[in-house]
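Enquirer: Before we start, here is the structure in question, set down as structure tokens.
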Amino acid sequence: MIKTSPNKKLISLKRQPLVLIIFSSISFFLILLRLIFLQLINYESFKKMSDENRIRLIASQPIRGRILDKNGNVLADSRVKYSLIVKPQSVNKSNWEKHKLSIADLLNVDSKVIQTKYFEGLKNQKLSVTILDDLNVDQLIKFKENEDNLFSFEIATKLIRNYPYKSVAAHAIGYTQPITEAEYKFLSKKGYKLNDLIGRTGIEYVYEDFIRGEWGGEMVEVNSLGKFQRSLGIKPSKQGNDIELTIDMNLQLVAEKVLKDKKAGAIIVMDPRDGAIRAISSKPTFDLNFFSKDFKSEKEYNELFNSPEKPLFNRALNAYDPGSVWKIVTALAGLESGKFPIDTMLETKSCITYGSQCFREHNDLGFGVIGYEDALRVSSNTFFYQVGYGVGVDEIYKVSKKLGFNALSGIEISEQENIGLVANSEWAIEGRGWGEPGRTPWVPEDIASMSIGQFVVQVTPIQIARAYAVIANGGYLVTPYLVKKDAENLSNQKRIKLDIDPNNIELIKRGLRKVVESGTGASMNYGVSNLPPVSGKTGTAEDGEGGLDHAWFVCFTPSENSELLVVAFAQNTPGGGSVHALPMARQILNVWNEKK
């Protein structure tokens, strides 16, 4: 056994106070640092956390602004949706069976469905479960009359976007959807709440900041148990601004109607003087209220998003072969180049050979020796083959660019727009968009096709409207627009005076008048009375994608000092523009003339 000496014990006892002092000092220093961190460095952060535990915000949803037509008709607004809900975790089980059977009988709901939703809510620990979505007025009244005996159930309210005309002008108006979690990360900085609505397409999307409004709410103080103590103030929600469109519902409704018997197509009605859109329609269309539903069946979803008919696709702003409505471009190229002046007379034939192919006249005979006006009147192919081949592809391309082709139109809903295609020699040398540079040269067959709007030309109905507006208004390229502007803003709207000889424009205009007077568009005069003089052009176009022919008709009225322009397009509807597209335009002009 080893004994510890008295001296060592004494030294150990003397060191204990020193160790204690050092330990206490370090502990005190650490506590001091922590206090400094809490009270000084991180004061604001912890104060915020404390306030959030003490203060609650009861958010108040803003009412989204309305979308109106030019006459004040409501195209989009907000309405309160009433839903029947149950809070599974709060249900008094002794009364549940009685209440379940009562609500099933009262509102004609299968009690098994109610029970299933209730059990699913319990299983998944949901705070509330929707039993019936979007109650009608009768259901709401019945519930309110029996509310005292149905306290297992509640009515929940929610503001939703509402479209009174359902599918009318759907592509132009657009729709809203809740924001996603990913979007919330950056949209929260702009005042959005999780699952807040945001415009996805059309006017709803483009004018989102103007329409949406601002959230408000009441700040309340609660105690440690979460019970209300007092109100700290109310900030009312700010309603969004209404927006007025240039659309005229009288014309919009007839534009929708004339497309009903067509497989697909588009109508554009525009004021050629300034580009104001009076109607814009695309078929197939869709019910905008679909996006306001909380529950969407798989069948409904597939019919909209996975349908081969593509109802979400805006055909008014997408590109197709224009056929003979393109001939005004070839005509202006001939006139502006100086190679085929105003007094040009050409012999039309049964067919003309370019390259290895004989390009036929549509009547297989020819129309003799004719000039521009009669070439437009009878829509001669061989006349325009000769003009197009004579001036060359780049001259046609140059004029087409002046008329607004191969570019966005400037309409607000450009996210839906296609710039189309107008071929040129550089495009061919670079590979035509699919081949290797230098391996896909320009060939004679291309220019023949291009001259009458086939194969290497793809244009949109809105581009056709702009080009024909140049003829109607005497030489100005307008920018189409959907939102009504005051005089100051309208003066900023692009209206470009084109560097095109006014005499050439007048020649084209006279030819288009003859089309309706005695040419391919003469049926415009059938069954109508008191209609001002109309100028126009028919078109039948082969589908470059291999489908059935397209039918086109473009017109403006009155022929002088024009006030209205119509583009009627029937996709994959064989039979000719005069048979299928012209009657659509005629109905629209009749309504316009009556309402005027």
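Enquirer: Rank Pro311, Met524, Ser152 by how far each Cα sits towards the positive end of the charge dipole of the chain (+1 on Lys, Arg Cβ; -1 on Asp, Glu Cβ) and give me just the farthest.
Expert: The one lying farthest along the dipole's positive direction is Ser152.
Enquirer: Output needed: Cys residues of the chain lacking any neighbouring Cys C-beta below 4.7 Å, sorted by number.
Expert: When partners are defined as cysteine Cβ atoms under 4.7 Å apart, the chain leaves Cys555 without one.
Enquirer: A follow-up question, please. Could you work out how far helix 461-473 tilts from the main Cα principal axis of the chain, as a 0 to 90 degree angle to the nearest 10?
Expert: 50 degrees
Enquirer: If you don't mind, there's one more thing I want to ask. What is the helix-to-structure angle for 6-36, meaning the angle in degrees between its Cα long axis and the longest Cα principal axis of the chain, kept from 0 to 90 and rounded to the nearest 10?
Expert: 40 degrees
Enquirer: Tell me the angle of helix 93-107 to the major Cα principal axis of the chain, expressed in degrees between 0 and 90 and rounded to the nearest ten.
Expert: 20 degrees
Enquirer: Sticking with this one: Going highest first, how would you order 286-297, 141-152 by mean Cβ packing within 10 Å?
Expert: Answer by packing, highest mean first, reads 286-297, 141-152.
Enquirer: I'm spelling it out carefully: the read-out is Rg and Dmax of the Cα atoms in Å, the candidates are (i) 27.5, 94; (ii) 35.6, 139; (iii) 33.9, 115, and one was derived from this structure. Which label?
Expert: (ii)
Enquirer: Lys81: which lysines have alpha carbons under 18 Å from its alpha carbon, excluding same-chain residues fewer than 8 sequence positions away?
Expert: Candidates past the 8-residue exclusion: Lys142, Lys144, Lys158, Lys166, Lys293, Lys296.
Enquirer: What number, rounded to the nearest 500 deg cm²/dmol, is the helix-based mean residue ellipticity at 222 nm of the chain, given -39500 (n - 2.57) per DSSP H run of at least four residues and division by all its residues?
Expert: Only helices count here, giving -11000 deg cm²/dmol.
Enquirer: Which of Asp549, Asp499 has the fewest other C-beta atoms within 10 Å, and how do the rest follow up to the most?
Expert: Asp499, Asp549
Enquirer: Please identify every one of the trypsin sites (Lys or Arg not before Pro) in region 241-270 that sits in a loop by DSSP and has no more than 11 other beta carbons within 10 Å of its own beta carbon.
Expert: Qualifying residues, ordered by number: Lys260.
Enquirer: Identify the chymotrypsin sites (Phe, Trp or Tyr not before Pro) of region 504-567 meeting these criteria: DSSP loop state and at most 13 other C-beta atoms within 10 Å of the C-beta.
Expert: Those satisfying the criteria are Tyr526.
No lab work stands behind these numbers, since they all come straight from the coordinates. Since we're looking at a predicted model, the values are computed, not measured. In this analysis, Cβ positions are derived from the backbone assuming ideal geometry, glycine residues included, and neighbour counts consider all displayed protein chains.
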